Each structure stands twice: as C-alpha cells, then as structure tokens.
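Here is the structure we will look at.
The values are calculated or read from the model by the stated rules, or taken from the named source; none is laboratory data. Since the model is a prediction, treat every value here as computed from it, not as a measurement. Every residue, glycine among them, receives a Cβ derived from its backbone with ideal geometry; neighbour counts consider all protein chains shown. Accessible surface areas use protein heavy atoms only, side chains included; no ligands, DNA or RNA. Shrake-Rupley method; radii C 1.70, N 1.55, O 1.52, S 1.80 Å.
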Amino acid sequence: MLITHTRKNNIITETPTNLNNNSPNTMTTYGFKQRIMIGTWNVRTLSAPSRLEQVCKEFDSYKLDILGLSEIRWLDKGSKQLESGHTFIYSGNTSNRINGVGILLSPKAKQALIKYVPFSDRIVKARLNSKFRKITILQCYAP
C-alpha cells in the first residue's frame, strides 16, 4: 500500500492507494455517511468451540460490524477466519486459560483491516481504514 501526502491550505491529507490493481479498492470500506455498529461483550468464556458460533449468531442479529470480546480464555495470539466470513482476532494467555480478549469483525470490516496488534492477554488493537481517517479499536479487559 502506498500513501500519498497532499498539502492544501496548510492541511496535509493522506490518501491510501491500493497497489494491487486486480482487486477492487477495499481500503476505503467505510465512508462519511455509513454507520459503523460497534459493541462489546464480556462473554466469560469461549473455551468450547460452539461458543464462538453462538457469538456470531448474536453478532449478526444485532447487525454489528465490530464486536469486542472480553474474558475469552483462549491460549496464544492470532486470528481465525470463520466459515461464516467473519474474522476473529484474539490475544490470550500463553500458559493457562485465564483472561483473554478478542475482536470479531464482519466481512466488510475485515476488508478495511490494516493491521492488528495483540499486546497481551488483556489488550488487543485493530487498525481500520476508512475514506477520511484511520479508526483504531482497542479491546481491553480489566477485572
């Protein structure tokens, strides 16, 4: 991705340019007139595999784009692409199943994802691109 800087009336504007010409411009998924539905949920545990599917059903029923989850109790860090098209970014403990945070993204929000950083089992950050500015989502867990 190439970022072009433009200066007009002492205001510097960043314009992201997608270098991959084969795909449509997915870097500006969210525009000025579009709403982004964001929610948070302390799920208490997602240790059983079926729990994430239940969360996805609720996610879709509320028509959310981004959902921050606390106390997921997963091991390690990473991302998981689900069959439903959702993406789950998570950051957990490396030794035992306590704490843990995650961010569930809709397919549309996944297109706008620039990067994510799993800091610890209590903080994960996702950076999204929109038409006019960058969006940073922080999911924190503080018992």
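With distances taken between every two different alpha-carbon atoms, the range 53-143 has a Kirkwood hydrodynamic radius of 13.2 Å. The aspartates and glutamates whose alpha-carbon is closer than 18 Å to the alpha-carbon of K77, local same-chain residues fewer than 8 away aside, are D121. For the range 46-91, would you read off the P(r) tail past 18 Å as a percentage of all alpha carbon pairs? Counting pairs separated by more than 18 Å, the tail of P(r) holds 21 percent. With contacts taken as Cα pairs under 8 Å and at least 6 residues apart, the range 68-117 reaches a relative contact order of 38 percent.
Applied to the range 90-104, the Karplus parametrisation 6.51 cos²θ - 1.76 cosθ + 1.60 on θ = phi - 60° returns per-residue 3J(HN,Hα) values of 9, 9, x, 7, 8, 10, 9, 8, 10, 6, x, 10, x, 10, 9 Hz, with x for Gly and Pro. Among the protein heavy atoms, those of D76 account for about 80 Å² of accessible surface (1.4 Å probe, every chain in place).
Hey, got a sec? Which trypsin sites (Lys or Arg not before Pro) in the range 62-143 land in a DSSP loop and have at most 12 other Cβ atoms within 10 Å?
K63, R133
For C56, the shell of other residues with beta-carbons less than 12 Å away shows a net charge of -1, using +1 for Lys and Arg and -1 for Asp and Glu. In this structure the amide hydrogen of I114, modeled in the peptide plane, comes within under 5 Å of the amide hydrogens of R127, L128, N129, none closer than 5 places in sequence on its chain.
For the range 119-124, putting each phi into the Karplus relation 6.51 cos²θ - 1.76 cosθ + 1.60 with θ = phi - 60° gives couplings of 6, 7, 6, 10, 9, 9 Hz, in residue order, rounded to whole numbers and with x for Gly and Pro.
Each other residue within a Cβ distance under 12 Å of W41 adds +1 if Lys or Arg and -1 if Asp or Glu, for a net charge of 0. Cα-based radius of gyration for the range 73-119, normalised by 2.2 N^0.38 Å, reads 1.18. Taking a 19 Å limit on the Cα-Cα distance, which of the listed pairs K80/K115; K63/K115; K63/K108; K63/K110 fall beyond it? Too far apart for the 19 Å limit: K63/K115.
Model label points for D60 and Q34, set 7 angstrom from Cα along the Cα-to-Cβ axis, are 2.0 nm apart.
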